[in-house]
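One structure is given below, encoded as structure tokens.
The values are calculated or read from the model by the stated rules, or taken from the named source; none is laboratory data. All of these numbers come straight from a predicted model, not from anything done at the bench. Neighbour counts are summed over all protein chains in view; Cβ atoms, including those assigned to glycine, are modelled from backbone coordinates with ideal geometry. Heads up: the accessible areas ignore ligands, DNA and RNA and are worked out on the full protein's heavy atoms, side chains in. Shrake-Rupley method; radii C 1.70, N 1.55, O 1.52, S 1.80 Å.
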Amino acid sequence: MNDLVATARSLFAPGKGLLAADESVHTATVRLASYGIATGAEMRRQYRDLFFGADGIERYLSGIILFSETLLEKGNDGKLFPASLAERGIIPGVKVDGGTEPMSASSAELITQGLLDLPERLALYRKQGAAFTKWRAVIRIDGDQLPTAMAIHENAKRLASYAKEVQSAGLVPILEPEVLYEGKHSRARARAVLVETLGTLFSMLDEHSVDRASIILKTSMVLSGKESGKKDTPEEVAKDTLDALRESVPSQIAGIVFLSGGQTPDQATENLAAIAKLAKEGTTPWPLTFSYARAIQEEALALWKGEEANVPAARAAFLSRLEKVSAALG
Ligand code: 5MM
């Protein structure tokens with residue numbers, strides 16, 4: 001087994017998953033403001049420290065996806081965040097995409113930026129302590145019109161170029177083609193779009209000669225659209241999600257992690273539990289775990305309110321949610 005495969009597999013340690021703490025400046029600003037918390041670089045550092053500085057997170061987290069600025073910041077203990085996480089056995093990774101912009105030929109759809117200076121940035125991030133990376137593409141469903149085949153194809157092409165560059169730089173790529181939960185679509189439509197998105201992605205990865213054994217897929221669950229009025233049961237989500245993944249994901253990849261996508265913390269935990277249970281009953285060739293941002297941070301953020309005095313209560317809520325999500329893995 002080469003080093004990349006070993007790193008990728010170690011992210012799937014039993015009972016552990018990933019915290020996605022890679023919100024860009026814009027997303028972090030919107031997120032903090034939505035809880036009435038002050039914004040700016042120092043508040044973003046305190047926001048990261050709230051989570052990374054909580055005692056015992058290594059019981060539940062194998063890795064944390066960071067935003068690039070966080071690689072250079074220190075926690076309240078005076079240690080650089082990547083070093084402090086690595087000391088506790090948590091593998092630091094970094095988001096390397098440059099965010100999205102509207103596609104010129106289909107302006108209601110998004111294409112992810114960031115390939116231009118990627119090799120230089122990867123060399124830097126590796127020196128700064130990152131062992132893995134993440135690139136997110138966004139696929140939007142709207143009736144039968146969206147996504148267009150072009151949006152799926154162009155985003156898959158960039159994900160494949162990203163993965164190839166990352167492997168050449170000696171880092172593990174996490175590929176996140178997020179099929180958005182937002183929309184009025186049915187669960188059947190979400191499932192079909194996920195199968196098409198992943199099928200296109202894996203053909204493109206083969207075309208780019210990406211080594212399957214060290215890649216990690218970060219995927220959405222198959223859910224009825226958030227505005228569809230339909231509430232799926234965890235068993236429905238689990239069946240459709242695993243069926244779609246079995247249909248479109250090769251067995252050789254290192255593993256699959258799920259994003260929460262705007263589900264509530266309880267919903268993301270219950271759906272993960274049903275997926276893990278069904279996966280154990282059937283035959284799934286890949287290890288599975290979580291890579292949540294909102295679903296494991298939002299209860300803590302609501303308690304924190306940006307105040308030092310609220311840190312213990314917020315960290316207790318964070319650890320409690322981590323314990324539940326970890327238990328959901330079975
Ligand atoms: C979909 O977003 C990713 C997973 O988060 P959720 O579990 O909340 O769905 C997340 O890693 C996302 O990619 C980062 O927060 C970065 O987002 P931006 O929009 O800042 O690139």
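Here are the numbers for the structure shown:
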{"quantity": "Expected 222 nm ellipticity per residue - DSSP helices of 4 or more, -39500 (n - 2.57), all of the chain, to 500", "calculated": "-14500 deg cm²/dmol"}
{"quantity": "Net length gained if the chain between Thr283 and Asp55 were fully extended (0.36 nm per residue, minus Cα distance)", "calculated": "78.5 nm"}
{"quantity": "Cross-link pairs beyond the 19 Å C-alpha cut-off, checked among Lys164/Lys218; Lys95/Lys218; Lys16/Lys230; Lys184/Lys277; Lys79/Lys127; Lys95/Lys184", "calculated": "Lys16/Lys230; Lys184/Lys277; Lys95/Lys184"}
{"quantity": "Per residue accessible area in Å² of the stretch 14-64, where ligands, DNA and RNA are left out and the probe is 1.4 Å", "calculated": "37"}
{"quantity": "Separation of the Ala33 and Ala313 label points, Cα + 7 Å toward Cβ, nm", "calculated": "2.6"}
{"quantity": "Net charge dipole size for the chain [Lys, Arg +1 and Asp, Glu -1 on Cβ; Debye, nearest 20]", "calculated": "400"}
{"quantity": "As computed over the stretch 193-322, the Cα convex hull volume per residue (Å³)", "calculated": "129"}
{"quantity": "Computed over the chain: relative contact order in percent, which uses C-alpha pairs under 8 Å that are six or more apart", "calculated": "18"}
{"quantity": "Area projected by the alpha carbon convex hull of the stretch 86-191, averaged over all directions, nm²", "calculated": "7.9"}
{"quantity": "Trypsin sites (Lys or Arg not before Pro) within the stretch 278-330: DSSP coil, no more than 16 neighbouring Cβ in 10 Å", "calculated": "Lys305"}
{"quantity": "Equivalent ellipsoid dimensions for the stretch 1-96 as semi-axes, Å, which come from the Cα gyration tensor, largest first", "calculated": "25, 14, 13"}
{"quantity": "Kyte-Doolittle mean at least 0.5 and Cα axial length at least 18 Å: DSSP H helices in the chain", "calculated": "311-328"}
{"quantity": "Within the stretch 204-308, GluC sites (Glu not before Pro) in DSSP loop having at most 15 other beta-carbon neighbours inside 10 Å", "calculated": "Glu227, Glu307"}
{"quantity": "Whole-number accessible area per residue in Å² for the stretch 81-189, which is evaluated in the context of all protein chains at 1.4 Å", "calculated": "41"}
{"quantity": "Coil-residue GluC sites (Glu not before Pro) of the stretch 152-202, DSSP, other Cβ within 10 Å capped at 14", "calculated": "Glu182"}
{"quantity": "Fraction of accessible area attributable to carbon and sulfur, the chain (%, probe 1.4 Å)", "calculated": "53"}
{"quantity": "The chain - convex hull of alpha carbons, volume per residue in Å³", "calculated": "124"}
